[in-house]
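Novice: A single structure is presented below for examination.
The values are calculated or read from the model by the stated rules, or taken from the named source; none is laboratory data. Here the structure is a predicted model, which is why all the values come from computation and not from measurement. So basically every Cβ, Gly included, is an ideal-geometry build from the backbone, and we count neighbours across all protein chains shown.
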Amino acid sequence: MPAFSWSEFAILFAAAIIGIACIMPYSLELNAEATRKALERMRQPLWVLVLLQSAQSVVLLGVATGLGLLIAHHLGLGAPLIEGLLAGKNVTTQALAMLGPALILGLAASAIVMLLEVAVFWPRLPQPMRDTFPIPAVWKRFLASFYGGIDEEILLRLFVLSLFAWLIAFVWHLPSGEPTQGALWVANIVAAVAFGLGHLPATAALTKVTPLLIVRAIVLNGLVGVVAGYLFVVYGLEAAMLAHFVGDLVLHVGGDSLAERIRAASAAKRVSAT
């Protein structure tokens, strides 16, 4: 197992802090009512609330980055491009090898998610989710994609997937002690399901959580998570980050714009019907 690299930690942690800053405009608009109530309770200006929320995220991502690197390196996983650059190696060939799979799989997963959402889940969603959930401005959704690509991958792939793979490897491992491919896939699925379930609190703020909404959260978000997990294991953290970022661009920028059009068309039909 390679020695812990403080330089690698610093790069990933700095990227995570940038991601936290990028998500804030999106999060504040998405949770405008909760933010208003929090400000009323605290009787403090908005910047104080933002600072407190950001501090919590910074601590969480700092712990996830540090522990994630320790566990991932123990399993032979990590961020190979960053590690290669820090070691003074030429990583061009390695970067090009992961670029195609990351882009293709990220785009394909997000396209499938959009298709499932429009054809299967959208018609069955509760009215508040179809007609009243906030859709922030395009620039906010674009910035939020950096949080998904950077912070969520550090938390869910570098830390959660690696942690579960390490735990499973105690009972399911190769003669060398490393986790089997099956153990890595189980860890990948667990991390993806956790990623999907992590979106339910935002849903609960809009409407009552039903079995359909739980399945939707796991399927739609878990699909991207499984793809990112595969890329993390095969190509490294950077490939997972790129795929997740590209997928979020499609879903948040393109998908939410499509949702706006569907919502407007539905509203126009209701008006014409009356």
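Novice: Is it the case, given these coordinates, that Ala144 is at pLDDT 90 or above, touching a Pro at 6+ places or on another chain (Cβ under 7 Å) and closer than 21 Å to Leu223 by Cα? Can you show your working first?
Specialist: Details: at pLDDT 90 or above: yes; touching a Pro at 6+ places or on another chain (Cβ under 7 Å): no; closer than 21 Å to Leu223 by Cα: yes.
Judged against the criteria, Ala144 is not a match.
Novice: What residue, of Ala144, Ala137, is under 25 Å from Ala259 (Cα atoms) and loosely packed, with under 15 Cβ neighbours inside 10 Å?
Specialist: Ala137
Novice: Can you say whether Ile154 is part of a helix (DSSP H, G or I), surrounded by fewer than 24 Cβ atoms within 10 Å (Cβ to Cβ), of a type in the set (Val, Ile, Thr) and touching a residue at least 12 places away in the same chain (Cβ under 8 Å), as far as the supplied structure shows? Please lay out each step first, then the result.
Specialist: Numbers: part of a helix (DSSP H, G or I): yes; surrounded by fewer than 24 Cβ atoms within 10 Å (Cβ to Cβ): no; of a type in the set (Val, Ile, Thr): yes; touching a residue at least 12 places away in the same chain (Cβ under 8 Å): yes.
So Ile154 fails the test.
Novice: Look through segment 59-85, keep the residues that are surrounded by fewer than 14 Cβ atoms within 10 Å (Cβ to Cβ) and hydrophobic (A, V, I, L, M, F, W, C), and return whichever of them is farthest from Leu12 (Cα to Cα). Let's see the steps before the verdict.
Specialist: Of all residues in segment 59-85, those surrounded by fewer than 14 Cβ atoms within 10 Å (Cβ to Cβ) come to 59, 63, 76.
Remaining after also requiring hydrophobic (A, V, I, L, M, F, W, C): 59, 63.
Values: Val59: 13, Val63: 12 Å.
My answer is Val59.
Novice: For segment 107-121, does any single residue satisfy the condition of being touching a residue at least 60 places away in the same chain (Cβ under 8 Å), exposed (fewer than 14 other Cβ atoms within 10 Å of the Cβ) and assigned to a helix (DSSP H, G or I)?
Specialist: Scanning segment 107-121 turns up no residue that is touching a residue at least 60 places away in the same chain (Cβ under 8 Å), exposed (fewer than 14 other Cβ atoms within 10 Å of the Cβ) and assigned to a helix (DSSP H, G or I).
Novice: In the list Ala228, Ala183, Ala205, Ala239, which residue meets the criterion of being within 12 Å of the chain's Cα centre (by Cα) and either under 21 Å from Asn31 (Cβ atoms) or hydrophobic (A, V, I, L, M, F, W, C) (or both)?
Specialist: Values: Ala183 fails: within 12 Å of the chain's Cα centre (by Cα); Ala205 fails: within 12 Å of the chain's Cα centre (by Cα); Ala239 fails: within 12 Å of the chain's Cα centre (by Cα).
Going through Ala228, Ala183, Ala205, Ala239 in turn, the sole match is Ala228.
Novice: Okay, next question. Return the only residue of Gln56, Gln44 being part of a helix (DSSP H, G or I) and over 25 Å from Tyr235 (Cβ atoms). Before you say what the answer is, go through the steps one by one.
Specialist: Details: Gln44 fails: part of a helix (DSSP H, G or I).
It is Gln56.
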